[in-house]
1. What's the total number of residues in the stretch 1-10 that are in contact (Cβ under 8 Å) with a residue 40 or more places away in the chain and either open to solvent by 50 Å² or more (accessible area, probe 1.4 Å) or among the polar types (S, T, N, Q) (or both)?
2. Looking for something surrounded by 16 or more Cβ atoms within 10 Å (Cβ to Cβ) and assigned to a helix (DSSP H, G or I) - is there at least one such residue anywhere in the stretch 27-48?
3. Kindly provide the set of residues from the stretch 137-187 that are in contact with a helix residue (DSSP H, G or I) (Cβ under 6 Å, 6 or more places away or on another chain), in contact (Cβ under 8 Å) with a residue 60 or more places away in the chain and part of a loop (DSSP other than H, G, I, E, B), ordered by number.
4. Does Phe66 count as over 30 Å from Leu204 (Cα atoms), of a type in the set (Phe, Trp, Tyr) and without any contact (Cβ under 8 Å) to a residue 40 or more places away in the chain?
5. Look at Leu14 and say whether it is among the aliphatic types (A, V, I, L, M), within 17 Å of Asn189 (Cβ to Cβ) and either surrounded by fewer than 21 Cβ atoms within 10 Å (Cβ to Cβ) or modelled with pLDDT under 95 (or both).
6. For residues that are more than 15 Å from Tyr148 (Cα to Cα) and not in a loop (DSSP other than H, G, I, E, B), tally how many sit in the stretch 61-117.
Amino acid sequence: MTARIGVVTFPGTLDDRDSLRAVRIAGAEPVSLWHRDKDLHQVDAVVLAGGFSYGDYLRAGAISRFSPVMATVIEQAKAGMPVLGICNGFQILTESHLLPGAMLRNNHLHFICRDQKLRVESADTAWTSDYSAGQEISVPLKNIDGRYVADERTLDELEAEGRVAFRYLDGNPNGSLRDIAGISNAAGNVVGLMPHPEHAVEPLIGTGRTDGLGFFTSILKKLVSA
């Protein structure tokens, strides 16, 4: 049976088609999910794609968190379904309290768009098992509300429990505390990051490398072996 991976589209989502393409390139069946539909249509995993859902009104991800689809995503994530939040999707995951912390305006107050070098800190999640801890990768980054913050106790817990998934290298692009680019929940099925792995899955586009493809092959292997 082919693994089915859903990608949610909210009003203002920009990168849903890119994420669907990444899923297909990895070998899984991509499934489009609409924000007003609570039915996940029997998918095995969910991607919350990047963009500016609801125009980032109130706060980035704050309105999307209350979309009908998110009630099901939250329920299923707590039951173990793998969920990946990319950029705006990461913001939605923090607003949904599936991941701790919050995303604030970049410390330099400007939108940033560049290729970003990252270090893989954890290969023990559902979305990172095809990487190695310490591996360095490069994927595109594009955001204005990308500064990850949390209180010191939460940051210490993330560090101690191995839940920092990625860190920025060669300069912190947005002021994120402890250079954190991505984190996971305690179970490792929910991962959020600000950079865009879906833009680095084939040599023709993005960075010209395929460093982001490992997110999608990781989850495919996990689902097939389950």
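The values are calculated or read from the model by the stated rules, or taken from the named source; none is laboratory data. Model, not experiment: these values are computed from the prediction. Positions of Cβ are generated from backbone atoms using ideal geometry, with glycine treated the same way; all protein chains shown enter the neighbour counts. We work out accessible area using only protein heavy atoms, side chains counted, and drop any ligands, DNA or RNA first. Shrake-Rupley method; radii C 1.70, N 1.55, O 1.52, S 1.80 Å.
1. Adding up the residues that qualify gives 2.
2. no
3. Passing the criteria: none in range.
4. Here the answer is yes, as Phe66 does meet what is asked.
5. Here the answer is no, as Leu14 does not meet what is asked.
6. Within the stretch 61-117, residues that are more than 15 Å from Tyr148 (Cα to Cα) and not in a loop (DSSP other than H, G, I, E, B) number 21.
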